[in-house]
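These notes are about the structure you will find just below.
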Amino acid sequence: MLKVSEILRVKGHTLYTASPDMPIRRALETMALQDIGSLVIMEHGELVGMLTFREIIRHLHANNGNTGDYTIRSIMDDAPVSVTPNTSADEVQRLMLDKHARYMPVMDGPVLQGVISFYDMAQAIVSAQQFENSMLKAYIRDWPGVDDSHQTDRAT
């Protein structure tokens with residue numbers, strides 16, 4: 001069964017964090033420049049929230065496109081759902097769908113390990129399915145009594 005730790009190992013552990021007192025304008029710049037959809041909000045070494053484009057878009061809509069002098073604290077999700085490195089991919093999928101969360105921090109106790117995104121999950125599932133597909137094809141190809149000279153690969 002696929003675990004969050006395996007997804008992070010493939011994805012890498014690059015993290016983008018911000019403090020809750022950072023101006024929204026700076027967070028937006030960071031997210032745009034780094035081409036990321038979320039920032040983990042840390043204060044005194046602890047996870048205190050998540051900021052995603054969802055919160056920024058809501059804020060911009062409510063303020064006529066102006067970030068003003070608001071800080072991340074005023075718009076962040078201050079109770080993000082998190083997972084552990086041992087959480088199964090199936091559980092992450094269920095949580096993402098149930099909570100409408102596109103990004104989930106991965107915590108090992110109080111230590112932030114990374115962030116799993118909806119995209120990361122989709123990529124991991126496709127990779128796992130491709131691996132399973134190739135293993136099944138190899139199993140069928142190696143079946144006793146099957147003559148490879150008369151088979152064609154119709155799946156391509």
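Coordinate-derived values only; no laboratory data. Computed from a predicted model, the values in this text were never measured in an experiment. Reconstructed Cβ throughout: ideal geometry from the backbone, glycine too, with neighbour counts over all protein chains shown.
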With both partners inside the stretch 4-143, how many of the DSSP beta bridges are antiparallel, as a percent to the nearest 5?
80 percent
Filtering the chain for DSSP H helices with an axial alpha carbon extent of at least 24 Å and a Kyte-Doolittle mean of at least -0.5 returns 118-141
Nitroxide proxy distance, nm - points 7 Å out along Cα→Cβ at Arg94 and Asp21:
4.1 nm
So I have [x] 73, 35, 27; [y] 60, 38, 25; [z] 43, 32, 30, and one of them is Cα extents along the principal axes in Å calculated from this model. Which one is it?
[x]
Here the relative contact order (percent) of the chain, from C-alpha pairs under 8 Å and at least 6 apart, is 23 percent
